[in-house]
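**Q** Here it is, the structure in full.
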């Protein structure tokens, strides 16, 4: 339950499904962050597990770009030759990151 205390969700500690509830809050926050990014055409360099946080923030602040046109295949990271981090993939990469977090929470709990 230390993870829940660090997440500042003390009201969840006594609940049987505290970890699931904590994950749902993280998931909602991440969805809100990515929705906001896409609504203003913000293209982050790398949306990945090491740049996401449970506080629904990103840690890596650059480089990034705003799309001037509706080029959803824009790659902000010049080293991303395969297009993993194109603008259109932000939500699927964030979803993968959330899946890895869910796996780790489950593994730690059981």
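**Q** Between a first residue in region 64-89 that is at positive phi and free of Cβ contacts under 8 Å to residues at least 24 places away in the same chain and a second residue that is crowded, with 16+ Cβ neighbours inside 10 Å and assigned to a loop (DSSP other than H, G, I, E, B), which pairs have beta carbons less than 7 Å apart while being 6 or more apart in sequence or on different chains?
**A** Here the result reads 83/75, each pair linking region 64-89 to a residue that is crowded, with 16+ Cβ neighbours inside 10 Å and assigned to a loop (DSSP other than H, G, I, E, B).
**Q** Further, regarding this structure: Suppose we filter 35, 30 for residues that are modelled with pLDDT of 85 or more, buried (at least 17 other Cβ atoms within 10 Å of the Cβ) and either part of a helix (DSSP H, G or I) or under 18 Å from the mean Cα position of the chain (by Cα) (or both); which single one remains?
**A** 30
**Q** Now for a different question. Sort out which residues of region 46-84 are modelled with pLDDT under 80, touching a helix residue (DSSP H, G or I) at 6+ places or on another chain (Cβ under 6 Å) and either exposed (fewer than 14 other Cβ atoms within 10 Å of the Cβ) or part of a loop (DSSP other than H, G, I, E, B) (or both), and write them in order of number.
**A** Across region 46-84, the qualifying residues are 47, 59, 60.
The values are calculated or read from the model by the stated rules, or taken from the named source; none is laboratory data. Note that the coordinates shown come from a computational prediction; the quantities given were computed from them, not determined experimentally. With ideal geometry, Cβ positions are generated from the backbone for all residues, glycine too; neighbour counts draw on all protein chains shown.
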